[in-house]
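Chemist: After the structure tokens below, expect a handful of questions from me.
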Amino acid sequence: MLIFLDSNIICSNYFMKGPSFEVAQRVGTIVLGQIVVDEVCNKYKESLVEQVTKAKNAIQDLNKLLPESPVPWEETNVADKCSKYKDFLEMFIIESGMTVAEDYPEAKHEDIVRRALQRKKPFKADGSTGYRDYLVWLTCLETARSYANEEIHFITSNTRDFADTNDKEKLHPDLVSDLAEWKIPDTRFFYWNSLKSFIDKYAKPRFDIIEAREMLVA
């Protein structure tokens, strides 16, 4: 079972800690595309800079109230933290069972532009945005095609661009058509609009079976 995560899932929990990720790792292999890694690293840097700035301003405001015993402030080396975070993601990919992140998809510019002009998802209705989302989707499709014997679980919280307008738990019809065009059976491709939904409805029952078997062996 391959679990393909969109960047928004990781950005909600940058170091992928907690029971949900633990269960996911026990029942399958978490797969990250290179575009997802790049997006997450960029968002991590933006978030880190934002929070460091907030903390520094808060300390400065606090010290105005404590002139006789100011609270010390230690500068954060953002570049170093970002480099270490990238190393963490690379090691996570290896430990998860993949050698490297799945590469950027082989897509022609004219094909991407045509998709945008046709207003097909994950592009917005005006066709102006959706480029990176489409590359994420293509990476997922190429992964599904490369690992033809594996279940693929695509998890993204971006329901606006990936989900059916009338049912947020279903993949958008434009993307369902892509699966048919790529000859990827819907019997082994699953869409989830949250990690929690995937865990509760699919992964947890399988995790419980694994745990029960291990207890019997022990």
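The values are calculated or read from the model by the stated rules, or taken from the named source; none is laboratory data. Just so we're clear, the structure is a prediction, and the values are computed from it rather than from any experiment. Neighbour counts run over all protein chains shown; Cβ positions are idealised from the backbone, glycine included. For the accessible areas, the whole protein counts, side chains as well, though only heavy atoms, and no ligand, DNA or RNA atoms are used. Shrake-Rupley method; radii C 1.70, N 1.55, O 1.52, S 1.80 Å.
Chemist: Using the alpha-carbon centroid of each, what span in Å lies between segment 143-187 and segment 21-76?
Modeler: 32
Chemist: I'd like the per residue volume of the convex hull spanned by the Cα atoms of the chain, given in cubic angstrom.
Modeler: 182
Chemist: When the solvent-accessible surface of protein heavy atoms is calculated with a 1.4 angstrom probe, in what order do M1, M215, M91 fall, highest first?
Modeler: Descending accessible area places them as M215, M91, M1.
Chemist: Still on this structure, I have one more. With +1 assigned to the C-beta of every Lys and Arg and -1 to the C-beta of every Asp and Glu, and no other charges, what is the dipole magnitude of segment 161-211 about the Cα centre in debye, to the nearest 20?
Modeler: It comes to approximately 220 debye.
Chemist: If you average the sequence gap of Cα pairs under 8 Å that are 6 or more apart and divide by the length of the chain, what percent do you get for the contact order?
Modeler: 26
Chemist: Along segment 133-144, what does the Karplus equation 6.51 cos²θ - 1.76 cosθ + 1.60 (θ = phi - 60°) give for ³J(HN,Hα), rounded to whole Hz, x for Gly and Pro?
Modeler: 4, 5, 5, 4, 5, 5, 4, 5, 5, 5, 5, 5
Chemist: Here is a further query. For W192, W73, W182, W137, give the ranking by accessible area with the largest first, probe 1.4 Å.
Modeler: W73, W182, W192, W137
Chemist: For n ≥ 4 DSSP H runs only, could you compute -39500 (n - 2.57) per run for the chain, divide by its residues and tell me the 222 nm figure to the nearest 500?
Modeler: -17500 deg cm²/dmol
Chemist: Here's a follow-up. For the chain, set up a Gaussian network in which alpha carbons nearer than 10 Å are linked by springs, and say which option among S69, S197, S177 fluctuates the most.
Modeler: S69
Chemist: Could you report segment 1-92's accessible area per residue, 1.4 Å probe, as an integer in Å²?
Modeler: Per residue, segment 1-92 has an accessible area of 56 Å².
Chemist: Give the carbon-plus-sulfur fraction of the accessible surface of segment 114-206 in %, rounded to a whole number; probe 1.4 Å, heavy atoms of protein chains only.
Modeler: Ligands and nucleic acids excluded, carbon and sulfur reach 48 percent.
Chemist: Hey, any idea what % of segment 1-54's accessible area is carbon plus sulfur with a 1.4 Å probe? Show your work: numbers first, answer last.
Modeler: Numbers: 1160 of 2270 Å².
Whole-percent figure for carbon plus sulfur exposure: 51.
Chemist: How tilted is helix 204-217 with respect to the longest principal axis of the chain? Cα atoms for both, answer in degrees (0 to 90, nearest 10).
Modeler: 90
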